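Chemist: There's a structure below that I have some questions on.
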Amino acid sequence: VGQATPKLNNMSGLGLISILPAASLAGIVLLALAFVLALGRARPKPLLLAGLVAAIVICLDGVTAVMEPEPRFPTAYWIAGFVEYIYRTGHTSPALSAYFSWPGFFEVIAAIEHLLGTDNLMPLLRVWPTAMDLLALVPMGMIVKRLHVSWRAKWLALFIFTVGNWVGQDYFSPQSFMYVLYLFVIALVITYFGKRATTGPATAGAPGDRAGHRQAARGRRLPAFAVHLTGGPRVQRLLNRVRLDHPLPGDKPAVDASRGQRVAVASAIVAIVAFSTVGHQLTPFFMVVACMALALIGRFQLRSLPILLAVIFAAWVSFGTVGFWSGHLSDMFGGLGDLGSNLSTSVSARATGTSSLHKYVLYARDGFAATVLILAAFGLLRRRRLAIDDRVLVVLTAVPFLGFGLQSYGGEMALRVYLFMLPTASILAAMLFFPAPVRDWRPWRTLPALAVCVIAAVVIFFVPRYGNEAFERTPTGEVAATNYLYAHDSQGIHVLWLSEDPVNDDTPQIPWSYQDIEKIDYEAQKAPLNAASVSTVVAALRASGPGSYVMTTTTQEAYLEQGASYPANWGQEFRAAMKAYPGVKVAYTNQDAVIYTLTWPKGTARQPMPSTVQTLPSTIWTPIGLAELALLLLVLGAREFVRIWRPANTRLVRRLGIASVPLLVAFIIIVLIRFAVLG
């Protein structure tokens, strides 16, 4: 893989795969084939299978850590800047960025830095994606363990989850860490508070219980198609006794845990959701809605705990992020309920403005996501033909689609919806190949087709995942150019960067803001379609006054050419035009970046930097709401923990439930008043 490093500047519109050595692709294909062969063994080899899945994760998600000299993805540097600011100043500043309204992740990382005595996050940025993807396999393993599926289906689900996660949200960010926490919440709920264990006649439908199936023998026989899918006479005889109108449960009962263990797990779920709520805008919504959905289908024994989680989420949005939404309610709720607009902005609008070759990257993403969903649908059909009820998987796959009813999330909602439905969709897709709830007979019938699919998946993975690598990577020269800016920002500076759409495109494809975020003001400037027409760029630079620069980089230019359909060689022509323009001088240059500035007349005033001070609006409903919120959380929390510790004390549980109703109504009214008054 390291042999491709000198070719990083020669990537085509298909990204990393255009320069990846054939030997590297052959290596990952051999790993995938070894995984298929391991599935073909008569008995599972957990250590072998775990090692193969981990190796595939490292090869797929860690390839850039070997090939590229600097951590990839510009937004990861931006996130590091928030941590650096808190590490250096000891506080947040919502006036600088809305992200500071959700500071939990940044504060934890800054605290760890203080504990370790270091402020260098660059090594962490490099290994973070691979570490998060490996860590995500732990809760995924807990989830599949609680399902009535064969061992082959469980391991194949982990593989599909790995190769299906091409979204690239695993960079150093709150999203990546909260996503792992989301999986842990789901795993803890279905493990400790899932379906109640039953005894006696109610267990007649348990997979593998022959006596119970004989008790339900009054039902009709399975069709020949379903019999063929099982692959063996023993499973055939077992399933022929199942009533199709009373399907087998696809999930196992909750584990038999002590009261102390259940209290600890419930506390962990509340703590995880609370931390996610103060750390990320979107993930806690999916956590809360998923818990509510599981409660509605009878797979969350603490049926009212999701109400407590929803109150925590709503409380932080109302009281903790007022600096973000006060006066900007349209940014937060403008897309609420507008399904068509949110969907089109997230899907079709993202395919416009790209070069002809680079469009195949977008097609590959859409095709990969659609394939996973189609496989999941057919896997569900095969399980239903075997009369198995996979309601948990169906609900958790469907719930993320509610995200389209919120907003477009900057055009990324479709990616987030796919990311959150992927875990359970992967399990359903695995059931297409191995649907039987117990042992898969004659798996060799499935292995050839599976091998073809697995090989195609690991090869195609590189296109949707790394198709943008020409502008998502970070050349060393761009880091050096940014460090030059940091060396000259003592009085504050303005940096103009080139954008196709300065109004909507607010993320430059450069390593930016990883330190001194309050000292450098990055401003998007329209990149002229005609590279020779740089007069508007120079005029904007002159208007910004002393301490202002224009920065252009190879990755930003690659984005304009590949992602915005600017002419080929636009970057070289722009640099030549800027260099030749009267009055423009080059402040810094290397092979990856150029920084331009002007000579201003003596006495020219500097433009002020954005203020870091924010005066938050207040209302009498704030202290009233906080006091009422504390009481509501106390009552809701007490109700759930009494339900766990003293389940026989139904009278106290009922009284606490009745007491919570007026408090909950009052809380909703206060939140609505605050939005109306402060919004």
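The values are calculated or read from the model by the stated rules, or taken from the named source; none is laboratory data. Worth saying up front: this structure is predicted, and the values here are computed from it rather than measured. Note that we place each Cβ from the backbone using ideal geometry, even for glycine, and neighbour counts take in every protein chain shown. The area values use the complete protein model at the heavy-atom level, side chains included, leaving out ligands, DNA and RNA. Shrake-Rupley method; radii C 1.70, N 1.55, O 1.52, S 1.80 Å.
Chemist: Within segment 567-587, can you find the residues that are open to solvent by less than 60 Å² (accessible area, probe 1.4 Å) and under 20 Å from GLU523 (Cα atoms)?
Modeler: Scanning segment 567-587 gives GLY571, PHE574, ARG575, MET578, VAL584, ALA587.
Chemist: Continuing with the same structure: Which numbered condition in (1) under 30 Å from GLN556 (Cβ atoms); (2) under 30 Å from the mean Cα position of the chain (by Cα); (3) modelled with pLDDT under 95 is the only one that GLU478 fails?
Modeler: Failed condition: (3).
Yes/no per residue for (1) farther than 30 Å from PRO253 by Cα; (2) in a loop (DSSP other than H, G, I, E, B); (3) of a type in the set (Ser, Thr, Tyr); (4) in contact with an Asp or Glu (Cβ under 9 Å, 6 or more places away or on another chain):
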site	(1), (2), (3), (4)
ILE109	yes, no, no, no
PRO123	yes, no, no, no
VAL127	yes, no, no, no
MET132	no, no, no, yes
LEU135	no, no, no, no
PRO139	no, no, no, no
ILE143	no, no, no, no
ALA153	no, no, no, yes
LEU156	no, no, no, no
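Chemist: Quickly run through segment 608-640 and pick out the residues that are part of a helix (DSSP H, G or I), touching a residue at least 24 places away in the same chain (Cβ under 8 Å) and open to solvent by 80 Å² or more (accessible area, probe 1.4 Å).
Modeler: TRP621, LEU626, LEU631
Chemist: Looking for whichever is more than 24 Å from SER12 (Cβ to Cβ) and free of Cβ contacts under 8 Å to residues at least 24 places away in the same chain here; the options are ALA481, ALA487, ALA425. Which one fits?
Modeler: Just a single option satisfies the conditions, and that option is ALA487.
Chemist: Can you tell me which of LEU137, LEU188, LEU147 is open to solvent by less than 50 Å² (accessible area, probe 1.4 Å), in contact (Cβ under 8 Å) with a residue 12 or more places away in the chain and touching a Lys or Arg at 6+ places or on another chain (Cβ under 8 Å)?
Modeler: After applying the criteria, what remains is LEU147.
Chemist: What number of residues in segment 544-571 are part of a loop (DSSP other than H, G, I, E, B) and in contact with a Phe, Trp or Tyr (Cβ under 6 Å, 6 or more places away or on another chain)?
Modeler: 1
Chemist: Which residue is farthest from ARG303 (Cα to Cα), if the candidates are limited to segment 659-678 and must be surrounded by 16 or more Cβ atoms within 10 Å (Cβ to Cβ) and among the small types (Gly, Ala, Ser)?
Modeler: It comes out as ALA666.
Each row is one residue, and each column tells you yes or no for (1) open to solvent by 10 Å² or more (accessible area, probe 1.4 Å); (2) in contact with an Asp or Glu (Cβ under 6 Å, 6 or more places away or on another chain); (3) of a type in the set (A, V, I, L, M, F, W, C).
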position	(1), (2), (3)
LEU450	no, no, yes
GLU469	no, no, no
VAL479	yes, yes, yes
ASP489	no, yes, no
GLY492	no, no, no
LEU496	no, yes, yes
PRO502	yes, no, no
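Chemist: Hey, does segment 649-661 have a residue that's at pLDDT below 85 and over 35 Å from the mean Cα position of the chain (by Cα)?
Modeler: yes
Chemist: Please enumerate the residues belonging to segment 1-21 that are out of contact with any strand residue (DSSP E or B) (no Cβ under 9 Å at 6 or more places or on another chain) and either under 19 Å from VAL452 (Cβ atoms) or in a helix (DSSP H, G or I) (or both).
Modeler: If the condition is that a residue be out of contact with any strand residue (DSSP E or B) (no Cβ under 9 Å at 6 or more places or on another chain) and either under 19 Å from VAL452 (Cβ atoms) or in a helix (DSSP H, G or I) (or both), then GLY2, GLN3, ALA4, THR5, PRO6, LYS7, LEU8, ASN9, ASN10, LEU16, ILE17 are the ones that fit.
Chemist: Looking only at segment 393-415, which residues are open to solvent by 10 Å² or more (accessible area, probe 1.4 Å) and either assigned to a helix (DSSP H, G or I) or modelled with pLDDT of 90 or more (or both)?
Modeler: Answer for segment 393-415, where residues must be open to solvent by 10 Å² or more (accessible area, probe 1.4 Å) and either assigned to a helix (DSSP H, G or I) or modelled with pLDDT of 90 or more (or both): VAL394, VAL395, THR397, ALA398, VAL399, PHE401, LEU402, PHE404, GLY405, ALA414, LEU415.
Chemist: Still on this structure, I have one more. Please go through segment 22-72 and give me each residue that is outside any helix (DSSP H, G or I) and surrounded by 15 or more Cβ atoms within 10 Å (Cβ to Cβ), ordered by number.
Modeler: Scanning segment 22-72 gives PRO44, GLY62, GLU68, GLU70, PRO71, ARG72.
Chemist: Still on this model: Which numbered condition trips up LEU656, out of (1) part of a loop (DSSP other than H, G, I, E, B); (2) surrounded by 12 or more Cβ atoms within 10 Å (Cβ to Cβ)?
Modeler: Failing condition for LEU656: (1).
Chemist: Every residue in segment 253-264 that is surrounded by 20 or more Cβ atoms within 10 Å (Cβ to Cβ) and either in a loop (DSSP other than H, G, I, E, B) or under 24 Å from the mean Cα position of the chain (by Cα) (or both), please.
Modeler: The answer is ALA254, and nothing else.
Chemist: Looking only at segment 514-543, how many residues end up being of a type in the set (A, V, I, L, M, F, W, C) and part of a loop (DSSP other than H, G, I, E, B)?
Modeler: 6
Chemist: Oh, and also: Could you tell me which of the residues TYR85, TYR99 is buried (at least 22 other Cβ atoms within 10 Å of the Cβ), in a helix (DSSP H, G or I) and hydroxyl-bearing (Ser, Thr, Tyr)?
Modeler: Of TYR85, TYR99, the one residue that is buried (at least 22 other Cβ atoms within 10 Å of the Cβ), in a helix (DSSP H, G or I) and hydroxyl-bearing (Ser, Thr, Tyr) is TYR85.
Chemist: Filter segment 510-524 for residues that are open to solvent by 30 Å² or more (accessible area, probe 1.4 Å) and not basic (Lys, Arg) and give the result.
Modeler: Listed by number, the residues that qualify are GLN515, GLU518, ASP521, TYR522, GLU523, ALA524.
Residue by residue, here is whether (1) small (Gly, Ala, Ser); (2) modelled with pLDDT under 95 holds:
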{"site": "SER513", "(1), (2)": "yes, yes"}
{"site": "ASP516", "(1), (2)": "no, yes"}
{"site": "LYS519", "(1), (2)": "no, yes"}
{"site": "SER533", "(1), (2)": "yes, yes"}
{"site": "SER544", "(1), (2)": "yes, yes"}
{"site": "TYR549", "(1), (2)": "no, no"}
{"site": "THR553", "(1), (2)": "no, no"}
{"site": "SER565", "(1), (2)": "yes, yes"}
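Chemist: Moving to a separate point now. Looking at segment 574-619 only, could you name the residues that are of a type in the set (Val, Ile, Thr) and either at pLDDT below 85 or in contact with a Gly (Cβ under 6 Å, 6 or more places away or on another chain) (or both)?
Modeler: Correct list: THR604, THR612, VAL613, THR615, THR619.
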